[in-house]
Every structure is written in C-alpha cells, then in structure tokens.
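These notes concern the structure reproduced below.
The values are calculated or read from the model by the stated rules, or taken from the named source; none is laboratory data. Everything numeric here is computed off the predicted structure, so don't read it as measured data. Note that each Cβ is placed from the backbone with ideal geometry, even for glycine, and that neighbours are counted across all protein chains shown. With ligands, DNA and RNA removed, areas are computed over all heavy atoms of the protein, side chains included. Shrake-Rupley method; radii C 1.70, N 1.55, O 1.52, S 1.80 Å.
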Amino acid sequence: MTSKRALVVDDSRTARQSLATLLQQYDLSVDFAVSGEAALEFLEHELVDVIFMDHSMPGMDGLEAVAAIKRNPRTATIPVMMYTAREGEVYVSQARALGALGVLPKEVQPGVLYDMLNQLGLVNDRRDADAAPPPDAPRRRFADLLDEVDREYDNRALGASVQALITRLLEEQHQKLRAHIAAGQRRFAREGARELAAEQRAQAQPAEPDHAGLPADAGTGAQPRWLRGAAVALTVAVLVLGMLTWQLLQQRNAALLEIARMTTASRNELAVLLEQQSGLSSAVRSGETQARAQRAAALEALTWALNQGGRFEFGELPFADAQAARAVALVDRLAAMGFQGNVVLTAHLGSFCLSRDDFGELALAADDVPVEACDQIGHPLAGASLATLQSVAFADIVDAALAQHQDITLELAAADASDGAGAGGSGDLAGDWNRAAARDNRVTVTLQASGA
C-alpha cells in the first residue's frame with residue numbers, strides 16, 4: 001500500500017518532531033516546512049494528503065498560508081488542520097472560514113489524532129487493530145471538532161442516509177415476503193398435484209365404493225386441504241407484511257420529524273453565528289479605522305513638535321553637521337516607536353536684505369540701511385542644488401544611521417520660493433527685515449508613514 005504523506009508546517013523543531021513521531025506510528029510519511037512561504041514553495045512541486053499548519057510563524061502566519069493554499073486550484077482540495085496553541089471560538093471560526101478543517105492543540109492526544117486520520121481515510125487498513133488507541137483512551141469523532149456550519153451539512157446528510165436506509169429496509173422485507181409467499185404457493189401446488197393424481201388413479205380402478213375409507217371432504221363439495229392451507233398462509237403473509245410496513249413507516253415519520261427539528265436548530269445556530277461574525281467584522285473594521293486615525297493624529301502632533309526648531313543661521317548650510325545630529329536622533333526615536341516610512345527634511349531659505357561689499361560678495365545689509373537701498377532681496381543659496389545645500393559630514397552621518405533602520409528612508413528637499421515659504425522679512429530698515437527673515441531660515445520635518 002502506498003504510504004500517505006503529511007506536511008507539518010511549524011517554525012519549532014521540537015513541535016515538528018513531536019507531531020512527526022505520532023504520525024509515523026500510522027505509516028504516514030512526514031515532510032517539514034519552517035514557514036508559510038516554505039510550505040507554499042514545497043507545494044509547488046510536491047503534493048501531500050494532509051497538512052498540519054502552525055499559527056504563529058515569522059513572515060506569513062498560518063492563517064495567511066491556509067488562505068493561499070485554498071486559493072490555488074492545485075492544492076485547494078488538500079485537507080488542512082491548524083496545529084497550534086491558540087484557542088477560542090473566534091479563532092476556530094476564522095480558521096474554518098479560510099478553509100481549515102479544524103484546530104488541533106499542540107498537546108494532541110493520540111486518540112484524537114487517530115480519529116481525525118481515520119475520518120480522512122489516511123490510516124492503513126492493516127494497522128487498524130495495532131495502531132488503534134487503547135480502549136480506555138478518550139475517543140472523539142472527528143465531527144465533534146466541526147463548528148455549527150459543518151453540523152448543518154452533517155444533519156442534511158443524516159436525513160438523506162436515514163431515508164435511504166428506510167427505503168432499503170422496506171425493499172428487503174418486501175422481497176423476503178414475496179419469496180416466502182412464492183415458496184409456500186409452490187409447496188402447496190406440489191401437494192395439491194399429488195393429491196389430484198392419487199384421486200385420478202383411484203377413480204381409474206373399478207371397485208366398490210368404500211365410504212369408510214373416503215376422505216372426510218369427499219363428495220361434500222368442500223375445498224381441498226392444500227387450497228385452504230395456501231389461503232391461510234397467504235393471509236398470514238399479508239398481515240405480517242402490513243404490520244412491518246406500518247412499523248417502518250412510523251419509524252420513518254419519527255426520523256423525518258427529528259431531522260426537521262435538527263435542521264431548524266442548525267439554521268438558527270448558523271444565523272446566530274453569522275450575526276456574531278458580522279458584528280466581529282464591523283468591530284474589527286471600526287478598530288482599524290480608529291487606530292489609523294489615532295496614529296495619524298500622533299504623527300501630526302509629533303511633526304508639529306519637531307518643526308518648532310530647526311533654524312540655521314545666515315551663511316550656514318541648511319543640512320550641516322548640527323542638522324545631521326538632529327536627523328540621526330529623529331530617526332532613532334522613530335524606529336523605537338515602530339515607525340515605518342519616509343522622513344522628508346525640507347530646507348526653507350529666508351528672504352534677506354543683502355548688500356554687496358567691496359569685493360562684490362553679498363552679505364547682510366547694515367541694520368540702519370533702508371530696505372529700498374538693499375542691493376538684493378533673497379538668499380545667496382536660492383536655486384542651488386540639494387548637493388550644494390548639504391555638507392559631506394551630513395551625508396555620511398545620515399547614511400550610517402539609516403543603514404541600521406531598514407524600514408525608514410530619508411529624503412531631502414528645498415522649498416520653492418514661489419510657494420510662499422520664507423517669502424521675506426518685514427519693516428522699513430534692514431535690521432528689522434533680516435530678523436524676520438531669520439525666522440524663516442529653517443529646516444522642517446514631514447513624516448510619511450507606510451500604507452498611510
């Protein structure tokens with residue numbers, strides 16, 4: 001007999017070996033996978049008769065792996081049992097909804113495992129007596145592990161099987177009675193033929209009538225004994241057939257009433273289960289929406305707090321050593337919070353009142369110079385490339401920090417003067433104007449969470 005194959009998917013080596021030892025007692029060949037991804041890759045090239053799936057594994061968890069197996073036409077018909085320490089009706093219902101047959105505990109009893117394998121037809125016939133659990137071991141039918149939805153289909157199948165059984169019994173009884181009646185008729189016909197032949201032989205011999213030797217019914221016109229016996233046998237057979245038919249009909253009607261009651265109860269339980277599942281799904285969606293809103297609000301508050309600083313002096317690069325230390329501290333804190341996404345640092349250049357010195361270089365105008373007398377209103381770095389706006393040390397320090405946090409990326413940007421950021425100072429004199437422009441000379445932070 002070809003050995004049946006089982007696939008055990010579990011990241012725990014101890015759990016894999018423990019289950020494999022039990023399965024090998026029933027002549028099952030066991031293959032292993034340490035993750036959901038590894039199980040899917042294995043099933044692309046191999047097929048098994050049953051899969052035991054752990055729930056908590058790195059990467060793809062057990063429920064995701066079950067859903068992927070059932071979506072694939074090649075593997076959709078393979079029975080899958082969740083083999084996990086997780087408990088609760090909600091988890092079992094979720095596993096069933098994704099296509100799993102049920103849930104077995106990690107400390108599964110041999111009797112339970114044997115019953116499950118027997119229901120799936122995976123226990124070899126020659127080992128039924130040897131491999132079966134001892135009589136005193138707890139035994140449960142595999143149907144006991146099914147939920148309310150499965151029981152409804154079981155009840156429907158039970159109704160069909162009871163009706164088929166009753167019909168078969170009626171046909172068997174009918175055939176037996178017909179055979180019995182036919183045999184009785186043939187027996188009485190043979191006896192009647194023998195008596196008729198004897199009478200004909202007696203009539204053929206001339207002799208004085210001997211009234212003392214005549215049968216009691218001779219010459220009286222009474223019916224022969226064999227005909228009366230056949231009528232009695234036929235009457236008894238009809239009465240027995242009628243009684244058996246009445247009894248079977250009563251049993252059939254009682255069974256049909258019980259099936260109707262069980263079907264109604266199952267439908268009511270199914271309706272309650274579906275309502276509970278709908279309420280649970282709504283609660284989960286509401287919780288996810290609320291969590292996203294709270295996360296967005298937290299990121300907004302954090303961004304506001306970060307943007308209260310970040311100023312740099314006129315003549316300094318926006319992305320210099322001081323800003324590098326600030327960026328590294330920010331990335332470390334975000335990683336500690338579990339943040340995943342992109343961090344955008346944007347340089348805003350203030351619009352200063354500038355004058356040219358004796359060498360033609362632009363510098364801040366003296367405080368008492370009227371704004372109308374400024375040689376230029378703006379910033380010397382306006383329009384420069386991002387490479388020009390950062391120091392070599394800034395790039396090295398930030399790259400080293402990002403290498404430790406693979407889920408966070410850092411992006412540099414420069415604000416366009418046309419967007420109104422750093423539009424300029426205020427006041428009639430250069431001193432007032434430039435102090436206002438210095439407040440616009442800053443680096444702001446924008447957080448872009450993944451999946452937001």
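If you stretched the chain out fully between ALA189 and THR14, how much longer would it get, using 0.36 nm times the residue separation minus the C-alpha to C-alpha distance?
55.0 nm
Take each of the peptides 28-41, 9-22, average the number of other beta-carbon atoms within 10 Å over its residues, and list them starting from the highest.
28-41, 9-22
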### Query
For the stretch 270-371, which semi-axes, largest first and in whole Å, follow from the square roots of 5 times the eigenvalues of its Cα gyration tensor?
53, 15, 9
### Burial ranking of peptide ranges 77-83, 241-247, 391-397 (average Cβ count within 10 Å, highest at the top)
77-83, 391-397, 241-247
### Heavy-atom accessible surface of the stretch 1-82: percent carbon and sulfur, 1.4 Å
48
### Task
Give the cross-link partners of LYS4 among the lysines, using a straight C-alpha distance below 24 Å as the criterion and excluding same-chain residues fewer than 8 apart.
LYS70, LYS106
### Task
Please work out the FRET efficiency for the pair TRP246 and ARG295, using the Cβ-Cβ distance as r and a Förster radius of 60 Å; give the result to the nearest 0.05.
0.25
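Return the FRET efficiency for the residue pair ARG267, VAL90: r is the Cβ-Cβ distance, R0 is 25 Å, and the value is rounded to the nearest 0.05.
Numbers: r = 21 Å, r/R0 = 0.86.
With R0 = 25 Å, the Cβ-Cβ based efficiency is 0.70.
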### Query
For LEU177 and ASP399 in one chain, what is 0.36 nm times their gap in residues minus the Cα-Cα distance, to one decimal in nm?
70.4 nm
### Task
Mind giving me the nanometre distance, one decimal, between the label points for ARG285 and THR21, set 7 Å out from Cα along Cα→Cβ?
4.8
### Message
Using a 7 Å offset from the Cα along the Cα-to-Cβ direction at both GLU258 and THR388, what is the distance between the two label points in nm, to one decimal?
### Response
9.3
### Task
Please work out how much length the chain gains when fully extended from GLU361 to ALA436, using 0.36 nm per residue of separation minus the C-alpha to C-alpha distance, in nm with one decimal.
24.8 nm
### Task
Let me know the Rg and Dmax you get for the stretch 320-385 when you use only its Cα atoms, in Å.
18.5, 54
### Query
How many nm separate the modelled label positions at SER3 and THR77, each set 7 Å beyond the Cα in the direction of the Cβ?
2.4
## Note on the structure
Taking R0 as 51 Å and r as the Cβ-Cβ distance between VAL344 and GLN119, the FRET efficiency 1/(1 + (r/R0)^6), rounded to the nearest 0.05, comes to 0.30
